[in-house]
Every structure is written in structure tokens, then in C-alpha cells.
Amino acid sequence: MTLRRALGTCYYPEHWPEETWAEDARRMADLGLTWVRIGEFAWSKLEPVPGDLRFDWLERAMDVLQGSGLKVVLGTPTATPPRWMLDRHPDMLAVDVAGRPRGFGSRRHYCFSHEGYRAESVRITTLLAERFGARVEAWQTDNEYGCHDTIYSYSDAARRAFRDWLAQKYQSTDALNRAWGNVFWSMEYDSFDQIYLPNLTVTEPNPSHALDFRRFSSHQVARFNAAQVAAIRRHSDAPISHNYMGRIVEFDHFALGAQMEIATWDSYPLGFLEDRLEETSEHKRHYARQGDPDFQAFHHDLYRAVAAQFPESETPRWWVMEQQPGPVNWAPHNPAPAPGMVRLWTWEAFAHGAECVSFFRWRQAPFAQEQYHAGLLRPDSVEAEGFHEAAEVARELADAPSVEIAQAPVALVFDYAAAWAWAVQPQGLGCDYFRLVFEVYRGLRKLGLSVDILPPETERLDGYALVLVPGAITLSDRLKRALQNADGQTLLGPRTNAKTASLSIPVPLPPDLPGLEVTVSRVETLRPDMPVPMEGAGHVKLWREQLEGGAEVLDRDAEGRPVTMRAGRLTYIGGWPDADLLRHLLLRACAEAGVAVVDLPPDIRVRQAGPTRFVFNHGPGPVAFEGVTLPPAGVLRQGPT
């Protein structure tokens, strides 16, 4: 499948006088946009009271947009149930960990486990699919599952559903008691009806209980989404998507990716820099108007992997559904992007294989919660700064119209279940799975490497010269076999295969992989101001393991204790490496694997997209690289077009 790069925007015709729609559509087409997403927050205008369906305005909006040559993505409006829905289902609200209902007045206030609301979501989705299924070009289910901490609900509906889920999984309370180790602290159950949700306990809940609740919660999201997908497919052949968010790990995105043709995500580089990264003030100040040089790239690669889970895909189809075009309104600080960064972010997504980059939003709203969230147009319809950068990209696409995707030399395994396990048992402040994996990804990018992210059920690693599996607490049998059969070098740890599926310590002790004579005999977590120095470069920080066994010792700490050990192509890292130690480990692994690296300047990143190499300057000043000086926000495309 050959995919064409395209641009789009998010539009809310219900927010604007109908007489402006045609002018908006004309300006979108003139700008060079192809796609426009509508409808995902419009339930109260589509059904102002129960059963009073008013779809005519939406049909007229589609007529106008499609009449200008634009393709429509129609969102199901279930992220914003109208006020009358709460009157019909007063117990539909999600409940937070402290037992407080998440009230009406914004969005995402429903509980995934509420059967009445799930039925309502299927009903409105079915009605929309019946009316518009033959004419829309793509769909989006709901909006940003997990945003605003909305995956975990401690409602009565969730408690009932969790009990049913446990009963199906374990079949008997005896089996559950054994799996959870409930003999500890006299926590045995005689009936599934005795089991509550793992909140409001005096001290920490049983970790097995807490992990199963996270598995259950992820399952409920997938079930909720699958119901909408099924409703759409009965009436439409158009591809279906969902727009994920950055650093949301509370549900398994790979499970949803298997349901839908397109994976999309919402990219807000400046907001995410302030809101979602453990970085120094100096780092955030340096990139305050550019965004972190690796955070967006990581998610581009992640959602390419999510898209690849759809079984009928020849080529992974993934988009940026919402691209930041100016200041946002929700981060601790909300600066404007540096000139050229909207263009850079767009080309960066294309370099990682995006089919479409869609800007949020078309026109800045002068009312309600997002008044300070910039759009391509100002509230008075004058072109904003991002408009002109989008227009520049639209002109440039004529020289590089096709999406190029090729296998990278390096693979990095990402496991949502491992993120849940780390969250349940972090063992130390700052010990976070996403943080560990992202630091490894950043280390690879600093060496000029392109990376494929893989799911934890990966069966084959053919063609990868180097595979990294940091922090995957429980390895699947499929991945174990793939690692045994891999031809390339593999770096494991820390905490890889450290627990059973029930989050207990296994015997034999971890990592317990055939041929790797390494045993983790003890673990400790370290204060941030007490890193362990190495004999050579760098330190171990945060998480440290005591290693034993007959494998070859590659690296020791300053006191001579093993930190990395190797047997054949498998290398185990018994600690969380800081940036210097990680660089040392990656350079050695790349040399042994035959992977060429590049000593990049700090602000430069590269991405190999098939035969084309992209070079990006994420820094605030010009940077010299390979005989070329890239200006701030510079994008260099090398190779065939």
C-alpha cells in the first residue's frame, strides 16, 4: 500500500454561524488541507433531548466541506455525554480513588463499566453510522481515552464488573487466593462478591489485586471501543481510528490497535514538555519553544506500532489527529512555539511514517475552557502564525508526497502491562516504566538511530541487529522464544522478567532465561543523590540489582560488583543507567551488532525514512552538522524525493 502524505484540521461547525461554513471550507482547501475532523463533541447538538435527533445540521456541514473537496473524519460524540444523560443514568459517573464522583461540567465523566452508558454510546454510534456511514471517509471513536485520569473508576458499576471479570478469569476463589497470595494478612475470600476495588485500604492493597484491577480497567476500555467499532462496521466500510494521548499508559493501546485500521495521537510538544517529562528546569527552559527533541518521535514510533496490530494492514496507517499550532491552555506554562516549529513538528511526523497531520484546531474558540488554545485562525478569523507554516508544508508536499516506511535496525519493546506493574510496585520514588523506556529511546536517538517500537507479544525479531527490552517485568512466552531465536544483540533489564503474571517473585529467581546464567539475588532502590559510580563511564541510579551467576561480567561498579553480564547474544543490565552509562552500553552494543552510529550535536536528531534521511534542529540557535548549518527549526531532507 502506497500512502500519500496529507494535512488536515479539526473543525467544529456547531460553534460557528452556518453562513461562515462555506468560507471556512474554501480557505481550508486553498490552504492545501485534505482532511477535516468533525462531530466528536457535538452530542448535545445532535440530540438535545433524548430521542430528538437533529442530524440535519451535520449533514449540511458535510455537504459544505465535501463540496470543497475535503474528506471528513466523523467522531462519535461519546467523550461528552449531554446533561440529560446524567438524569437518565445518575450512576454513570466515574468515581475517583478517594470515592468522589467525577461530576458533570467538562468532559470524559463517564465510567467505562456502566452498562447503561455503554448502550447509549452504541445507540448514538449506530444512528450516526446509519445516517452517514456511506459518505464519510473515516471515523474516530470517542476522544482521548485516558485523558484527565479517567481510566480507573471506583464506582459501583466498576466493582460489579470487576467481580464478574475475576470470576471468569479465576473460576474459583481458591484459585484467586493462591494467585494473589491472600494467605498473607488473612486476605482470603470465600466469594467473589466479597471483593472490592483496591482503593480506600488502610495501607497499600495487595499488589496482585491492584494489578488485576489495572488489567480489568484496560479490558473495559477495549470492550467499550469494540462496541462502537462493531456498530460502525455494520453500516460503513470507512476506516476507523482513535486519537490517543502522550504518555497515557493506563490501558493497552495495542489491544485497541488490533480493532481499527488507523492509529492516531494528539501531539502537543510544548504542553507535554512542561507537563509530562521528568527533566531539569534547564532542559525545559532550553526547549521551552521547541518541545523535547525525543518525546514526539517516541510516540510517532509507538503509534506506528499500534497501527501495525490491525491484522489486515499491509502498511501501518497512523496519523497525528491533533497537532499543536500555537500556544495551548492546559500546561503549567504555555509559551508560543518558536518560528518554524509547527513546520518541523509536521515534517517530523511524516519522517516517522505519518499519513496525515491534522492541526487542532481550525479557529481558536472565544468561549469556554479552551479560549487560550490557539488555532490556525484567530477568533476573528485572521490567519495565525501556524496557518502560514501549515501552508509552507502543503507547498513542500509536492516534492515528497509519499509516506516511506522501512524496518529500522534497532527494536525497542514497549509493554503497557509492565507500566501497570511498575506503578503498583515502584519500590522507589521516581521508578517509572515509561521513564525508563523513554530514557533508553532518547539514548538511541542521540546516536542517530532510527527505532521500531514493538509490542510485548512480538513473535519474530528477524532483521533487527539490536533489540532492547528494558523493564518488561513479565516476558510473554512469544517474546521469550523470539529472543532465543533472534540473530542480533539483545539488551535486557533492569527488572526484565522479574515477576510472575500475578506479580510475585518467581523461583528460579529472575531473569530465568535459557542460556543466560544470571540471577538477580537482591534489589534496592537509590536516592536520587546517591547514584552508584561505575569503574568506567557513568552511574547506576534509582534501581540497582545484585547479580550472580556464571555469565561473563562486562561492567562493574567502582567497588567491583557486576552491573552487566553477558551470555552469547544476551546482555543483562542490573541497574538503571544514567545517560553516560547508557551511552557506553549502547555504543558497545551497536559496535558488536554492526549498527552505525552518528555523534550528533545535542539539538540535532535524524530519522531514516526508507531511502530518505531527515535531519531536524530542535534547538533555539543554528547548529552545524555534516558541513551544513541548520537554522533554528531547520529541516533537512537528504536522498531521493
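Bear in mind that the values in this text are calculations on the coordinates, not laboratory data. Only a predicted model underlies this, so the values are computations on that prediction, with no experimental measurement involved. Please note: Cβ atoms are built from the backbone with ideal geometry, for glycine as well, and neighbour counts cover all protein chains shown.
A few points about this structure:
- The simple Förster model, with R0 at 30 Å and r as the Cβ-Cβ distance, assigns residue 381 and residue 234 a FRET efficiency of 0.15.
- Once Rg and the Kirkwood radius are both taken over the C-alpha atoms of the chain, their ratio Rg/Rh works out to 0.97.
- Listed residue (510, 528, 582) projecting farthest to the positive dipole end of the range 410-593, Cβ model: 528
- Placing dummy labels 7 Å off each Cα toward the beta-carbon, the span from residue 500 to residue 559 is 3.2 nm.
- From most to least packed by mean Cβ count within 10 Å, the peptides 304-315, 277-288, 576-587, 48-59 give 576-587, 304-315, 277-288, 48-59.
- The lysines within cross-link reach of residue 446, meaning a Cα-to-Cα straight distance under 22 Å and a gap of 8 or more places when in the same chain, are 284, 541.
- Distance (nanometres) between label positions extended 7 Å along Cα→Cβ at residue 591 and residue 427: 3.1
- Considering only alpha-carbon pairs that sit under 8 angstrom and 6 or more positions apart, the relative contact order computed for the range 410-593 is 19 percent.
- With N the number of residues in the range 410-593, Rg(Cα) / (2.2 N^0.38 Å) evaluates to 0.93.
- The range 339-473: relative contact order as a whole-number percent, Cα under 8 Å and 6+ apart: 24
- Residues residue 480 and residue 97, FRET efficiency given R0 of 30 Å [Cβ-Cβ distance, rounded to 0.05]: 0.30
- The chain, dipole about Cα centre (Lys/Arg Cβ +1, Asp/Glu Cβ -1), debye to the nearest 20: 240
- Placing a pseudo-label 7 Å from each Cα along the Cα-to-Cβ vector at residue 398 and residue 149 gives an inter-label distance of 5.1 nm.
- Taking max minus min of the alpha-carbon positions on each principal axis, the range 38-161 gives extents of 50, 27, 24 Å, largest first.
- Relative contact order of the chain: 11 percent, from C-alpha pairs under 8 Å at least 6 residues apart in sequence.
- Peptides 457-464, 417-424, ordered by how many other C-beta atoms sit within 10 Å of their residues on average, highest first, read 417-424, 457-464.
- Computing FRET efficiency as 1/(1 + (r/R0)^6) for residue 171 and residue 2, where r is the C-beta to C-beta distance and R0 is 41 Å, gives about 0.25.
- Ordering of 331-340, 127-136 by packing is 127-136, 331-340, highest average first (other Cβ atoms within 10 Å, averaged per residue).
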